[in-house]
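The values are calculated or read from the model by the stated rules, or taken from the named source; none is laboratory data. Just so we're clear, the structure is a prediction, and the values are computed from it rather than from any experiment. Note: ideal-geometry Cβ built from the backbone for every residue, glycine included; neighbour counts use all protein chains shown.
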Amino acid sequence: MTEWLSVADTARQVAAGEIEATRVVERYLERIRDVDRDIGSYLAVDAEGARAAAAAIDARRAAGEKLPPLAGVPVSLKDVLVTKGLATTAASKILEGWIPPYDGTVVEKLRAAGAVILGKVNCDEFAMGSSTENSAYQPTKNPWDPSRVPGGSSGGSSASVAAALCAASLGTDTGGSIRQPAAFCGVVGLKPTYGRVSRWGVVAFASSLDQVGPLTRTVEDAALMLEVIAGFDPKDSTSLDAPVPKYTDALVGDVSGVRVGLPHEYFEGAIDAGVRAALDATIAQLKDRGAIFVDISLPHTSLALPAYYIVAPAEASSNLARYDGIRFGKAAQDAKDLLDLYMRSRGAGFGPEVKRRIMLGTYALRSGYYDAYYKKAQQVRTLIKRDFDKAFQHVDVILTPTTPTAAFPFGAKSTPLDMYMGDVFTLSCNLAGLPGLVVPCGLSENLPVGAQLLGKPLDEATLLRVGHVIEGFGGLGGKRPLP
């Protein structure tokens, strides 16, 4: 059962010689062959590279070397993270078959820490979506119920962790794309403070919102992963030059005296009864353990969704302009002229949701519309950030639902607006640049529910401290989605 070991236990046992890294990797590769045909999380499996990396770890241990912190830990990577020699498609046909010549910074850090990269996992195309139904290649199914979505856009990451097809994964979060699939699949998802983790080597969606973070089966594993990937990177102009603490030191098992804010705006809408019951139980348990609850207001919460769906598409329209069939992306054949080449390449290469967001963003940035839309949305963003700044003068952490419902069936969201409305609890975190953590806190009709914790900038430690306690009494009752 090595595939169900935590990141911490896998690294410890490999370092102690209790288990070989090659054995661990082989077991995961076997499970991918046996199980992923029913889940569809992987777009590419690098079996040869994983075996070579594991063998190198075993050789280092046999030679008496001190192993790095993630030695022998098998991980998957969302397919927007650039990997040298391994296809990176962003789940889009326009990048089909592209083999990058370099690793992104987070990939470099994982390799240096001894992690073994099993392969690239599915996502919504260019990370635009909340269900992984927008992938150009395949749907990914929720391991708890294959008729339901795993969430998005990091659905392949969350499903691969939940189904024990890797020990941990890295995803990206632009408006909830780590936290929402973590909630749907019953895993831990951490969106760090904007700038805490380098974005160099990440296929960009919305540059002022994107952030890389881990998806794991335990809070301790999320802390370990963040310790490895966080830190200043001179190649990323948005990277924060701040020391990286030892996040595992925050896992003290105590929340006595921690002030937890409950924003009434997040609890007033239509929340499923099962989701609400799991959150109410979480609040009661934290109170019993000495947490102090404070009612707070975040008055501009209702404006987060319209502001986000102007800012994010506007930045996407700019970022995706590079995929023109000449510099980047597959070129259409038999084009009559340059404009025809652009239109054919982008028309065939991009899927419907990507096209929709490009058009929305281009419209919002047009001359004469910029002030009315993009500028106004950025002003609203400032108001949302000020709401949080004011709230954090009185509380240490904020507790909210992650999603209004548990995982929904494929095809259940009949319009784009229906899909967008499911993001109402996750968008503000990105607009304000805050860290956010989702921890499983119960089940609703046998589907996972996640509690969302929002924190002060660069205070991931407090989120992990509280999340670790929630994990201890909440979680999923020891249930797993697959045998």
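Being modelled with pLDDT of 95 or more, aliphatic (A, V, I, L, M) and over 24 Å from GLN378 (Cβ atoms), is that true of even one residue in region 188-211? Full working, then the answer.
Taking region 188-211 and keeping what is modelled with pLDDT of 95 or more, we get 188-211.
From the residues that got through so far, the ones that are aliphatic (A, V, I, L, M) too are 188, 190, 197, 202-204, 206, 209.
Now narrow it down to the ones that are over 24 Å from GLN378 (Cβ atoms): 188, 190.
Yes, there is a match, as at least one residue in region 188-211 is modelled with pLDDT of 95 or more, aliphatic (A, V, I, L, M) and over 24 Å from GLN378 (Cβ atoms).
Return the total of residues in region 465-483 being within 19 Å of THR400 (Cβ to Cβ) and touching a strand residue (DSSP E or B) at 6+ places or on another chain (Cβ under 7 Å). Explain how you work it out, then say what you get.
The initial filter retains those residues of region 465-483 that are within 19 Å of THR400 (Cβ to Cβ), namely 465-471, 473-475.
Narrowing the set further to residues that are touching a strand residue (DSSP E or B) at 6+ places or on another chain (Cβ under 7 Å) leaves 466-467, 470-471, 474-475.
Selection size over region 465-483: 6.
Only one of PHE184, PHE267 is modelled with pLDDT of 95 or more and not small (Gly, Ala, Ser); which? Please lay out each step first, then the result.
Numbers: PHE267 fails: modelled with pLDDT of 95 or more.
Checking each option against the conditions leaves just PHE184.
Going through region 75-126 one residue at a time, which ones are closer than 21 Å to SER158 by Cα, touching a Ser or Thr at 6+ places or on another chain (Cβ under 8 Å) and either free of Cβ contacts under 8 Å to residues at least 60 places away in the same chain or among the aliphatic types (A, V, I, L, M) (or both)?
Passing the criteria: VAL75, LEU77, VAL80, LEU81, VAL82, ALA91, VAL106, VAL107, ILE117, LEU118, VAL121, CYS123.
If VAL252 meets every condition in (1) part of a loop (DSSP other than H, G, I, E, B); (2) of a type in the set (A, V, I, L, M, F, W, C); (3) under 23 Å from the mean Cα position of the chain (by Cα) apart from one, which number is that one?
Of everything listed in (1) part of a loop (DSSP other than H, G, I, E, B); (2) of a type in the set (A, V, I, L, M, F, W, C); (3) under 23 Å from the mean Cα position of the chain (by Cα), VAL252 misses just condition (3).
Do you know which residues across region 174-194 are part of a loop (DSSP other than H, G, I, E, B), under 24 Å from ARG357 (Cα atoms) and not hydrophobic (A, V, I, L, M, F, W, C)? Write out each step before concluding.
Going through region 174-194, the residues part of a loop (DSSP other than H, G, I, E, B) turn out to be 174-178, 186-187, 192-194.
Next, only the ones that are under 24 Å from ARG357 (Cα atoms) stay: 174-178, 194.
Residues satisfying the conditions are THR174, GLY175, GLY176, SER177, TYR194.
When you go through ALA164, ALA136, ALA127, ALA159 one by one, which is the residue that is surrounded by 24 or more Cβ atoms within 10 Å (Cβ to Cβ) and farther than 11 Å from CYS185 by Cβ?
Working: ALA164 fails: surrounded by 24 or more Cβ atoms within 10 Å (Cβ to Cβ); ALA136 fails: surrounded by 24 or more Cβ atoms within 10 Å (Cβ to Cβ); ALA159 fails: farther than 11 Å from CYS185 by Cβ.
Answer to the check: ALA127.
What number of residues within region 125-154 are more than 24 Å from LYS109 (Cβ to Cβ) and either in contact with a Pro (Cβ under 7 Å, 6 or more places away or on another chain) or among the hydroxyl-bearing types (Ser, Thr, Tyr) (or both)?
16
Test of understanding: among ARG344, ARG357, which residue is modelled with pLDDT under 95, assigned to a helix (DSSP H, G or I) and not acidic (Asp, Glu)? Explain how you work it out, then say what you get.
Numbers: ARG357 fails: modelled with pLDDT under 95.
Answer to the selection: ARG344.
Which of the helices (runs of 4 or more DSSP H) contained wholly in region 379-483 include at least 3 residues that are surrounded by 19 or more Cβ atoms within 10 Å (Cβ to Cβ)? Reasoning before the result, please.
Working: elements: 416-421, 427-431, 460-473.
It comes to 427-431, 460-473.
Listed here are the residues, each with its yes/no results for (1) among the charged types (D, E, K, R); (2) at pLDDT 95 or above; (3) more than 24 Å from the chain's Cα centre (by Cα); (4) assigned to a helix (DSSP H, G or I).
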residue: ALA50; (1), (2), (3), (4): no, yes, no, yes
residue: ALA54; (1), (2), (3), (4): no, yes, yes, yes
residue: ILE57; (1), (2), (3), (4): no, yes, yes, yes
residue: ARG61; (1), (2), (3), (4): yes, yes, yes, yes
residue: LEU67; (1), (2), (3), (4): no, yes, yes, no
residue: GLY72; (1), (2), (3), (4): no, yes, no, no
residue: THR88; (1), (2), (3), (4): no, yes, no, no
residue: ALA91; (1), (2), (3), (4): no, yes, no, no
residue: GLY97; (1), (2), (3), (4): no, no, no, no
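For region 426-436, check the following and say yes or no: at least one residue is of a type outside the set (S, T, N, Q), in contact with a Leu (Cβ under 8 Å, 6 or more places away or on another chain) and over 29 Å from VAL380 (Cβ atoms). So that I can check it myself, show each step before the final result.
Just the residues of region 426-436 that are of a type outside the set (S, T, N, Q), to begin with: 427, 429, 431-436.
Of the ones still in play, those that are also in contact with a Leu (Cβ under 8 Å, 6 or more places away or on another chain) are 427, 429, 431, 434-436.
Subsequent filtering for residues that are over 29 Å from VAL380 (Cβ atoms) retains none.
No; the residues of region 426-436 include none that is of a type outside the set (S, T, N, Q), in contact with a Leu (Cβ under 8 Å, 6 or more places away or on another chain) and over 29 Å from VAL380 (Cβ atoms).
Within region 25-45, identify whether any single residue is farther than 30 Å from SER147 by Cα, at pLDDT 95 or above and either in a helix (DSSP H, G or I) or not small (Gly, Ala, Ser) (or both), and answer yes or no. Give the steps one after another, and end with the answer.
Let us first name the residues in region 25-45 that are farther than 30 Å from SER147 by Cα, namely none.
Checked against the condition, which is being farther than 30 Å from SER147 by Cα, at pLDDT 95 or above and either in a helix (DSSP H, G or I) or not small (Gly, Ala, Ser) (or both), region 25-45 yields no hits at all.
Just to be sure before I move on: is LEU305 surrounded by fewer than 16 Cβ atoms within 10 Å (Cβ to Cβ) and either in contact with a helix residue (DSSP H, G or I) (Cβ under 6 Å, 6 or more places away or on another chain) or in a helix (DSSP H, G or I) (or both) in the structure I sent?
no
Which of the numbered conditions does ARG51 fail, given that it passes all the others? Conditions: (1) over 26 Å from TRP144 (Cα atoms); (2) basic (Lys, Arg); (3) touching a residue at least 40 places away in the same chain (Cβ under 8 Å).
The single condition ARG51 does not satisfy is (3).
Enumerate the pairs (first residue in region 1-25 and under 15 Å from CYS166 (Cβ atoms); second residue anywhere and outside any helix (DSSP H, G or I) and of a type in the set (Lys, Arg)) with beta-carbon separation below 7 Å, excluding pairs fewer than 6 apart on the same chain, so at least 6 apart or on different chains.
So the pair list comes out as SER6/ARG217.
Of the residues ALA364, ALA372, which is buried (at least 19 other Cβ atoms within 10 Å of the Cβ), of a type outside the set (Lys, Arg), under 20 Å from SER302 (Cβ atoms) and without any contact (Cβ under 8 Å) to a residue 60 or more places away in the chain?
Working: ALA372 fails: buried (at least 19 other Cβ atoms within 10 Å of the Cβ).
Residue meeting the stated conditions: ALA364.
For region 160-178, state whether one or more residues are touching a Pro at 6+ places or on another chain (Cβ under 7 Å) and more than 17 Å from SER76 (Cα to Cα).
Within region 160-178 (the criterion being touching a Pro at 6+ places or on another chain (Cβ under 7 Å) and more than 17 Å from SER76 (Cα to Cα)), the answer is no, since none of the residues qualifies.
List the pairs whose first member sits in region 316-333 and is surrounded by fewer than 21 Cβ atoms within 10 Å (Cβ to Cβ), whose second member is modelled with pLDDT under 85, and whose Cβ atoms are under 6 Å apart, counting only residues at least 6 apart or on separate chains?
ARG322/PHE328
Keeping to region 202-237, report how many residues are assigned to a loop (DSSP other than H, G, I, E, B), in contact with a Lys or Arg (Cβ under 8 Å, 6 or more places away or on another chain) and buried (at least 23 other Cβ atoms within 10 Å of the Cβ).
Number of matching residues: 2.
For region 107-117, indicate whether the set of residues that are over 22 Å from GLY175 (Cβ atoms), acidic (Asp, Glu) and part of a helix (DSSP H, G or I) is non-empty.
Of the residues in region 107-117, the ones over 22 Å from GLY175 (Cβ atoms) are 107-117.
From what is left, the residues that are acidic (Asp, Glu) are 108.
With part of a helix (DSSP H, G or I) added as a condition, the list becomes 108.
The answer is yes, given that some residue of region 107-117 is over 22 Å from GLY175 (Cβ atoms), acidic (Asp, Glu) and part of a helix (DSSP H, G or I).
Go through region 242-266 and count every residue that is more than 28 Å from ALA230 (Cα to Cα) and buried (at least 16 other Cβ atoms within 10 Å of the Cβ).
Residues in region 242-266 being more than 28 Å from ALA230 (Cα to Cα) and buried (at least 16 other Cβ atoms within 10 Å of the Cβ): 4 in total.
Would you please name the residue that is farthest from VAL311 (Cα to Cα), looking only at residues in region 180-201 that are of a type in the set (D, E, K, R) and out of contact with any Lys or Arg (no Cβ under 8 Å at 6 or more places or on another chain)? Before you say what the answer is, go through the steps one by one.
In the first step, residues of region 180-201 are kept if they are of a type in the set (D, E, K, R); the result is 191, 196, 199.
Those still in the list that are out of contact with any Lys or Arg (no Cβ under 8 Å at 6 or more places or on another chain) too: 196, 199.
Numbers: ARG196: 21, ARG199: 18 Å.
In this case the residue turns out to be ARG196.
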